[in-house]
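Asker: Sending over a structure as structure tokens; questions will come in a sec.
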Amino acid sequence: MQKKTKLISAILASTALLLTLAPQGEPMAQEAPLSIFLLRRPCVNTGIGNWLRRTEDVSVGKAVYTSRLFMGPGNRAASMTCRLQPNDGGVIFQRLKLSFGMRDNDKGSPSVNVNVYLDGQRAEARTVSPGQGEVVTLDVTPTSNVAIETVCSNQSRYCDRVYFWEAELEYPPIPQK
């Protein structure tokens, strides 16, 4: 009888321990953030040069990327400003992810300075040369406006375009009720 009591006690203790360690409720799937292309937000031209939403394949650093936007500073600068807040969906964007560079075959071009501004304050500055790409990720949670500026490093010469194959605003999935 004593052996049965010890066995039952051991089984109850093991069960209690397993129930304590087991996750409660339904397991929560961790969803990846959603994203939209930056130019799906209201954007305006704010510079002398030009920018255009156009899809084309470009070679940067001996790799092919599908560019969705280019900015051509010419011998001065190109810039645009996009509004994030307020927006119709009430979405709070969390991150801006940019991947950009200059084509391999633009070897004669001077380098281009790429500046990113959050609510008028410069948050990032990168310089790209022909055949070189860059990646920038910024927290835009408290941000109402984003501006991107490309500035030719040599204003007596013409700078070729900067191509953006990623310009995404990430936001969390909206919880379903």
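The values are calculated or read from the model by the stated rules, or taken from the named source; none is laboratory data. Keep in mind that what you see is a predicted model, and the values were worked out from it rather than measured. Heads up, the Cβs are rebuilt from the backbone with ideal geometry, glycines too, and the neighbour counts pull from every protein chain shown. Quick note on the areas: whole protein, heavy atoms, side chains included, nothing else; ligands and nucleic acids left out. Shrake-Rupley method; radii C 1.70, N 1.55, O 1.52, S 1.80 Å.
Asker: Step by step: first the residues of region 52-75, then only those that are surrounded by 14 or more Cβ atoms within 10 Å (Cβ to Cβ) and among the charged types (D, E, K, R), then the one that is nearest to the chain's Cα centre (by Cα). Which residue is that?
Answerer: Among them, the one singled out is Arg68.
Asker: Give the residue, chosen from Pro130, Pro172, that is open to solvent by 30 Å² or more (accessible area, probe 1.4 Å) and modelled with pLDDT under 95. Spell out the reasoning first.
Answerer: On the way: Pro130 fails: modelled with pLDDT under 95.
Testing whether each residue is open to solvent by 30 Å² or more (accessible area, probe 1.4 Å) and modelled with pLDDT under 95 leaves just Pro172.
Asker: Looking at (1) open to solvent by less than 40 Å² (accessible area, probe 1.4 Å); (2) modelled with pLDDT under 95; (3) touching a Gly at 6+ places or on another chain (Cβ under 7 Å), which one does Asp104 not meet, given that it meets all the others?
Answerer: Looking at each condition in turn, Asp104 falls short on (2).
Asker: Given (1) closer than 17 Å to Val44 by Cα; (2) more than 21 Å from the chain's Cα centre (by Cα), where does Pro110 come up short, assuming only one miss?
Answerer: (1) is the only condition that Pro110 fails.
Asker: Continuing with this model, one more query. Across region 82-100, which residue is farthest from the chain's Cα centre (by Cα) among those that are in a loop (DSSP other than H, G, I, E, B), of a type in the set (A, V, I, L, M, F, W, C) and closer than 16 Å to Pro42 by Cβ?
Answerer: Initially, region 82-100 is screened for residues in a loop (DSSP other than H, G, I, E, B), giving 84-94.
Still in the list and also of a type in the set (A, V, I, L, M, F, W, C): 84, 91-93.
Next, only the ones that are closer than 16 Å to Pro42 by Cβ stay: 84, 91, 93.
On the way: Leu84: 13, Val91: 16, Phe93: 10 Å.
Among those residues, the one meeting the criterion is Val91.
Asker: I'd like the residue in region 32-51 that is open to solvent by 80 Å² or more (accessible area, probe 1.4 Å) and over 18 Å from Asn75 (Cβ atoms) and, out of all such residues, is farthest from the chain's Cα centre (by Cα).
Answerer: Val44
Asker: Let me ask another. If Asn75 satisfies all but one of (1) modelled with pLDDT of 95 or more; (2) farther than 25 Å from Ala32 by Cα, what's the number of the condition it fails?
Answerer: (1)
Asker: (1) modelled with pLDDT of 95 or more; (2) touching a strand residue (DSSP E or B) at 6+ places or on another chain (Cβ under 6 Å); (3) within 19 Å of Glu170 (Cβ to Cβ): which one isn't true of Val91, the others all being true?
Answerer: Failing condition for Val91: (1).
Asker: Can you list residue pairs whose Cβ atoms sit under 9 Å apart, with the first residue in region 118-147 being on the phi > 0 side of the Ramachandran plot and the second being part of a loop (DSSP other than H, G, I, E, B) and charged (D, E, K, R)? Count only pairs 6 or more apart in sequence or on different chains.
Answerer: What qualifies is Gly131/Lys62; Gly131/Arg103; Gly131/Asp104; Gly131/Asp106; Gly131/Lys107.
Asker: Further, regarding this structure: If I ask for residues that are assigned to a strand (DSSP E or B) and either open to solvent by 40 Å² or more (accessible area, probe 1.4 Å) or hydrophobic (A, V, I, L, M, F, W, C) (or both), which ones from region 135-151 would you list?
Answerer: Once the filter is applied, which keeps residues that are assigned to a strand (DSSP E or B) and either open to solvent by 40 Å² or more (accessible area, probe 1.4 Å) or hydrophobic (A, V, I, L, M, F, W, C) (or both), region 135-151 yields Val135, Val136, Thr137, Leu138, Asp139, Asn145, Val146, Ala147, Ile148, Glu149, Val151.
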